[in-house]
Amino acid sequence: MYKFKVDIDKKEYNEFIENFSMAPITQDTRWKNVKSSWDSTLCALYKDNKIVGASLLLIKTFPMNLKMIYSPRGFLIDYTNKEYLEEFTKGIKEYAKKIKAFVVKIDPQVAISEEYYDTYMKKSDKISPKNYSKDNEVKINNLKSCGYIHGGFKKKMGVYIQPRYNMAISLIDKDNKSLTESELLSNFKRNAKRYHGDFQTKRGVSFICVHDNSYIDDFYRIIKSTEDRQQISLRSKEYFKKIMTSFKDDAYMYIARVNVSKFESFLESEINKEKDEKLVKKYKEQLEDAKIAKEKYGNEISIAATLAITPPNKKGIKKVEYLYAGTFEEVFPYLNTNASVHINSFIDMLNKGYHYADLEGVEGTLDDHLTNTKAKYNPILLEYIGEFDLAINKFWYFIFSKFTVQLKKIYRLVKGR
């Protein structure tokens, strides 16, 4: 016997998600704290009083009290089980009608394909693990048969709420067996791993990891520098604080810091022993950079960072999600600490028993800056199936789906008055 419930107990939900393989952080109960501008609820489908499907639902209210329900990278359900999906859909439909939502939107973590980047680009024949694309046709067909409308296979980022193409570092082999550290490093391109290890330590670079806001000012300065350089807009300092405060020990802020005095000592030593005049000139220029940087920013400077969140599930396949990263290139860009801070974090996550380190989205055309940056780690390219909509109010669903861009402009104008 099936029963669908809304506003279920958080403890009960957490017990379910802890055992749900490949659970995304966007279905963690703490994600609602990060997305505090949305209303939210926890729902679940029970079979004989046992949860067989659940979801964190985010609810956005538009003008005229129209609502959209969104399950980010959800639901947490076996999409190959059509009966479960049908019963879950019935329950969520009733709830959507009750709160006057015109659509339920989902973007499941189901992939059309998952291949190493080099394999995808026909540069290699290395086989990746196949956890996200398993039974994908069955899952897609079940969604469609339950009335979900597919939003298509568009490639551009920004078309959907979340990117359809993600790049994830595999910490496992094709049989889901953990890699060794050397096997992991062998996957990376030379221009990434050459900066790992002695190259950094000799130059006074060290790496720290914190789980609180003790380095939030440094982190935000790094992110802001990246924003300005790439002419993009990411998030406010308060947003990052909210993530760290919400996820605490499950939030990993990795930071690369340079001790300028140690870097100066290294450069002075190299200048004294080096015979190549070109290298001597380079080291002297870097020594001058170091003196200027020390005067302006102090002796310990945070110059690269990345923020990762570990998944809510404790069993099955566990994917760490890297939300933000950046480099403070105002000083020592030639140290390439962005690559080394990431590699150090990947090794840490490998040793903690995780299976993937997801670097998040790229353009589906694979010709953007993000692709070029992430490709040096030969990640797995996950091409997800995209968004599926369950239309509740056909009229308003048609209006929003056909005129989304125009409506957003009108909403911004009205809100700005």
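Nothing in this text is a laboratory measurement; each read-out follows from the coordinates by a stated rule. Quick caveat: nothing in here was measured; it's all calculated off a predicted structure. FYI the Cβ positions are ideal-geometry reconstructions off the backbone, even for glycines, and counts take in every protein chain you see.
Projecting each Cα onto the charge dipole of the stretch 179-354 (Lys/Arg +1, Asp/Glu -1 at the beta carbon, about the Cα centre), which of 325, 354, 292 comes out farthest on the positive side?
So the residue furthest toward the plus end is 354.
Which distance in nm do the two modelled labels at residue 126 and residue 78 give, with both placed 7 Å along the Cα-to-Cβ direction?
Reported label-point gap for residue 126 and residue 78 is 3.3 nm.
Over the chain, what is the percentage of antiparallel beta bridges among all DSSP beta bridges, to the nearest 5?
Values: 62 of 70 bridges.
Just about 90 percent of them are antiparallel.
Could you tell me which of 388, 170, 272 has its Cα farthest along the dipole of the chain towards the positive end, charges placed at Cβ (Lys, Arg +1; Asp, Glu -1), taken about the Cα centre?
Highest projection toward the positive end goes to 388.
Just report the Cα centroid separation between the stretch 317-342 and the stretch 200-238, whole Å.
Taking the Cα centre of each part, the stretch 317-342 and the stretch 200-238 sit 9 Å apart.
Would you work out the charge dipole size for the stretch 179-354 about its Cα centre, treating the Cβ of every Lys and Arg as +1 and the Cβ of every Asp and Glu as -1, and quote it to the nearest 20 debye? Working shown, then result.
On the way: 30 positive and 26 negative charges, 93 e Å.
The dipole magnitude comes to about 440 debye.
If one computes the Cα centroid of the stretch 1-62 and of the stretch 93-116, what distance in Å separates the two points?
13
Mind jotting down a quarter of the surface of the convex hull over the alpha carbons of the chain, in square nanometres, one decimal?
Values: hull surface 90.7 nm².
Averaged projected hull area, Cα only: 22.7 nm².
May I ask you to list the residues of the stretch 310-341 whose amide nitrogen lies under 11 Å from a point 7 Å from Cα along the Cα→beta-carbon direction of residue 134?
316-317
With only Lys, Arg, Asp and Glu charged, each at its Cβ (+1 for the first two, -1 for the last two), find how big the charge dipole of the chain is about the Cα centre; round to the nearest 20 debye.
Numbers: 71 positive and 56 negative charges, 291 e Å.
Charge dipole of the chain: 1400 debye, to the nearest 20.
Set Lys and Arg Cβ to +1 and Asp and Glu Cβ to -1, take the dipole of the chain about its Cα centre, and tell me which of 121, 207, 159 lies farthest positive.
Going by the charge dipole, the pick is 159.
When only C-alpha pairs under 8 Å and at least 6 residues apart count, what is the relative contact order of the stretch 179-354, in percent?
Values: 241 pairs, mean separation 53.2, N = 176.
RCO, the stretch 179-354: 30 percent.
Using a 10 Å cut-off on Cβ atoms, rank the peptides 23-33, 40-50, 218-228 from the highest mean neighbour count down. List each step's numbers first, then the result.
Working: 23-33: 21.4, 40-50: 16.7, 218-228: 19.2.
Order by mean packing, descending: 23-33, 218-228, 40-50.
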